Structure formats: structure tokens, C-alpha cells
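To keep things clear, I will list the structure first and then write my remarks on it.
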Amino acid sequence: QFDVNWDALPEALDRFAQFFISPLISGDGVEREVQAVDSEHGKNLAVDGWRLHQLAKATANQQHPWARFFTGNLETLLTTPTKAGIDVRAAVADWHARHYSANLMTAAVYGRHSLDELQRLVTDAFEGVANNGLQVPQFPSDLYTDEHRGLLVRVVPIKESHSLEIQWDIPPTEALYRQAPTNYLSHLLGHEGAGSAFALLKAAGLATALSAGEGSGISSRSFFSVRVELTQEGDARVGEVAEVVFKYLELLRAPGGVSEQIYSELAGLSELRFHWRDKLPPYSVTTSLAGAMAHYPDKDLLLALYHVPQVCCCMRISMHAALSLCSPL
């Protein structure tokens, strides 16, 4: 990903495409990249978000690929492999050959040129990328087994804060993007009005904020989480805070808990935000589009990317299926 002045786009696209057509993968280039990754990892050590991400991996099924070290560092990427007699540069070249293929790649280009000109530029630049007919990697769904669920882990953060995060691993809902069931759950759980879980927790002096939503995952599993920012009193009574969240989920699972009226209102608000959203920087637009193109069909791309529900049929089935997964165990 890159951005340049609009009149430099043709030449820049050609240079960018060469990374995938005929990458150098030189020994000194690989070593410089390892050093850059190691430097980035060093900065991540003091960031709570990264520490929690690695903690989630450490408490997952250690036989699953997802549980591996996420970013890498000098030791894992260069020192240890070299000691084991592995040619790191050759390993990188082999990895490129096994995983890069035109049929698995997407590109999004944003510029002042006409659509016809942009299409021509992209076609000319990338037509040399080899299509090796590779398959999209698939991973097993046993990311968390029963022995890895129902755990309470207490963490001392780098940045002073008090919070509770409840997380479930669920089947990814991207195939249900037209119904967007987890958006509905996020909306209700994150609601701050009268009768909401947050309103009750705030009135009791236990919480200052509550958010919920589905995060990123892998082909077979995704993550849905509820995060509550706690007061000192809430930190001392964290069990009660968790109980309020689970009781609220019980209400949603009960008859009448899934409301078509609320779902329709949410769909309408999502569509309104989509049509009237602020213009985003080109860099953000292309990055988002390129990622989404690997998951959604062209005709639904923009609506799916911005989480706009498109159909109400089977809505109740989708909601109850999602709710059934958000249990204490």
C-alpha cells in the first residue's frame, strides 16, 4: 500500500507490481526487514492491546496455528532458524512461491484518472503476476476447546485502567453479511439508554463505558467481545458486572428478545450513515476495499464493508444462532 501524487501513479504502479512479479528477496533485504519487525515488536511490548492479544493466544489451544507468536522478532525470525541451519532468505522465497498467486490477490486503486484509464493502468501493471491456481488456506475450528473456555484471567496493565473484557469464539459471520447479526447484538449491548446493561451498571457506580462487537478472526472462527470500563468499585465487584452482562443476554434469548422493529431501525440508521458518511482519505478507502474484496462479492462490496444489513429474512434465526453462542461457558 502506498500513496503518491496523482500524476506519478502510472510509474508507481509499475514499480509496486514488480514486488509481486519478480521480487528480489535479497539476503540483506530480508535481514533489514527482520530488524524492522524486531524494532516494531520491541515497541509492542509496552502496549496493552498487543499484550492482551498475545495472552489470548497463550490461553488458546496450543496445537492450533492461531496460537503461534504473532509478530515475530529477531530471535524467532533470524537467530534461531540460522542456528538450526535454515537459510532464511531461501525460506522467505519459498514462502512467497507457495502463498502468492494472482487468483488470491486483490488490488484497489484510487486516482484522478478516469475509470477506463485506471483499469488500463492496473491491467498493464499487474498482468505479469503469476496465477498458480492456489487455494485459500483453511484452518481447523478447534481454536478453543472446552478446557480453554470459561477462564477468568486477571491482567496487570501497563497503562493504569480497570476493565472487564468477555470474549467468545464464534463461527465467522461474514457469510451472513446481508443479515449482519452481530451488528444487532453490538447495538443492543452497547446501548446506553434506560433499561440497558450499561445504564444499570452506571447507576450502580460500577462502570463508565461499555462496548461490544465482532473483531477479526480466521477462516473458521471469529471473536465477539464485550468490554466494560470499570470504576474502582466495579473492579472490586467484577463478578457482579459479568453477571449483569450475561443476564442481559438471557433477556435477548428469551421469547420477544429479538425485535424486528429494532433491527429495521438499525438497518435504516446504518444505511443513513453509509450515504452521509464523511469522505475518507484515499489511503483508507483503498486499504479497506482491497481487504473486503477477498471476502464479499462485487455487487455487495460497499454495503458489506460498511455493515449495512440488506435483508430481514431469516433475521430471527441468525440472531438466535449468534445469541446461543454467547453463554458463560
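The values are calculated or read from the model by the stated rules, or taken from the named source; none is laboratory data. Computed from a prediction, not measured in an experiment: that's the story for all the values here. Methodologically, a virtual Cβ is constructed for each residue, glycine included, from the backbone with ideal geometry; neighbour enumeration extends over all protein chains shown. What goes into the accessible areas is simple: the full protein's heavy atoms, side chains included, and nothing from ligands, DNA or RNA. Shrake-Rupley method; radii C 1.70, N 1.55, O 1.52, S 1.80 Å.
Return the residues of region 165-199 that are of a type in the set (A, V, I, L, M) and crowded, with 16+ Cβ neighbours inside 10 Å; say none if nothing qualifies.
Ile166, Ile170, Leu176, Ala180, Leu185, Leu188, Leu189, Ala197, listed by residue number.
Enumerate the helices (runs of 4 or more DSSP H) found wholly within region 64-139, keeping only those where 3 or more residues are of a type in the set (A, V, I, L, M, F, W, C) and either within 25 Å of Leu24 (Cα to Cα) or in contact (Cβ under 8 Å) with a residue 40 or more places away in the chain (or both).
Per the criteria, 88-99, 115-126.
More than 30 Å from Pro297 (Cα to Cα) and of a type in the set (A, V, I, L, M, F, W, C), is that true of Val88?
yes
Among what's in region 243-256 and is farther than 14 Å from Phe198 by Cβ and touching a residue at least 40 places away in the same chain (Cβ under 8 Å), pick the residue that is least open to solvent (accessible area, probe 1.4 Å).
Filtering first and then ranking leaves Leu252.
Taking into account only those residues within region 50-98 that are acidic (Asp, Glu) and farther than 30 Å from Gly215 by Cβ, which is least open to solvent (accessible area, probe 1.4 Å)?
Only one residue tops the list, namely Asp94.
When you scan region 16-32, how many residues do you find that are buried (at least 17 other Cβ atoms within 10 Å of the Cβ) and in contact with a Gly (Cβ under 8 Å, 6 or more places away or on another chain)?
1
If Glu240 satisfies all but one of (1) over 30 Å from Gly291 (Cα atoms); (2) in a loop (DSSP other than H, G, I, E, B), what's the number of the condition it fails?
(2)
Give me the pairs, please: first residue somewhere in region 3-15 and open to solvent by 100 Å² or more (accessible area, probe 1.4 Å), second residue anywhere and in a helix (DSSP H, G or I) and not small (Gly, Ala, Ser), beta-carbon distance under 6 Å, and either six or more positions apart or on two chains.
As it stands, the answer is Asp3/Tyr283, since those pairs meet every condition given.
I'd like to check something: does region 284-305 contain any residue that is open to solvent by less than 60 Å² (accessible area, probe 1.4 Å), farther than 20 Å from Glu174 by Cα and modelled with pLDDT of 85 or more?
Yes, there is a match, as at least one residue in region 284-305 is open to solvent by less than 60 Å² (accessible area, probe 1.4 Å), farther than 20 Å from Glu174 by Cα and modelled with pLDDT of 85 or more.
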